[in-house]
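Shown next, in C-alpha cells, is the structure this report addresses.
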Amino acid sequence: MQTFIFLMIVIIAVCVITTLVILSQNPKGGGLSSTFGGGSGGGQMFGVQRTNQFLDNATWTLAGLIVVLIITANVLMENPYAARSTNIESVPVELPEMQPEAAPSTDVGPATPPAETQE
C-alpha cells in the first residue's frame, strides 16, 4: 500500500510539472521562447526553435511518464476482493446431501385413445 501512495504522489507531481510546461508554451509560436529573448535577433545560445522543441519533447515525455506510472500503480494496487490464501485445499466446501430420486412407477396400463362418437 505504501508503494501505491508513493506512486500517487509522484503522478500528481508529474501532472503539475506537465501543466506548467504546457502553460509555458504559446500556440502562436511565442511562449517561453519569446519571453527569454526569442523575439530579438542576434546570437543567442538557446534559440526559439530549440526552446519550442524542448518544451514539445518535455510535454510528450512527461505525458508518457504519466501513462507508465498509472499502469504501474494499477498493477501494484492490492485487490480487495482477492482471496487471502493461495492454498485452495484450505477452503472448506460443504456439498449438499444428495437424495435419491424415486423411479417412475411402471404399473400404469397402456394408454387408450378416447372413444369416437359418430353422429
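The values are calculated or read from the model by the stated rules, or taken from the named source; none is laboratory data. Since the model is a prediction, treat every value here as computed from it, not as a measurement. Ideal geometry is used to build each Cβ from the backbone, glycine not excepted, and the neighbour counts take in all protein chains shown.
For the reader, a short list of remarks on this structure follows.
- In region 12-46, residue surrounded by the fewest Cβ atoms within 10 Å (Cβ to Cβ) [restricted to those that are modelled with pLDDT of 85 or more and small (G, A, S)]: A13
- Set Q49, Q53: member being at pLDDT below 70, part of a helix (DSSP H, G or I), at negative phi and not aliphatic (A, V, I, L, M): Q49
- L62, sole failed condition from (1) modelled with pLDDT under 90; (2) closer than 30 Å to M1 by Cα; (3) not acidic (D, E): (1)
- Residue check for I9: assigned to a helix (DSSP H, G or I), loosely packed, with under 11 Cβ neighbours inside 10 Å and at pLDDT 85 or above: yes
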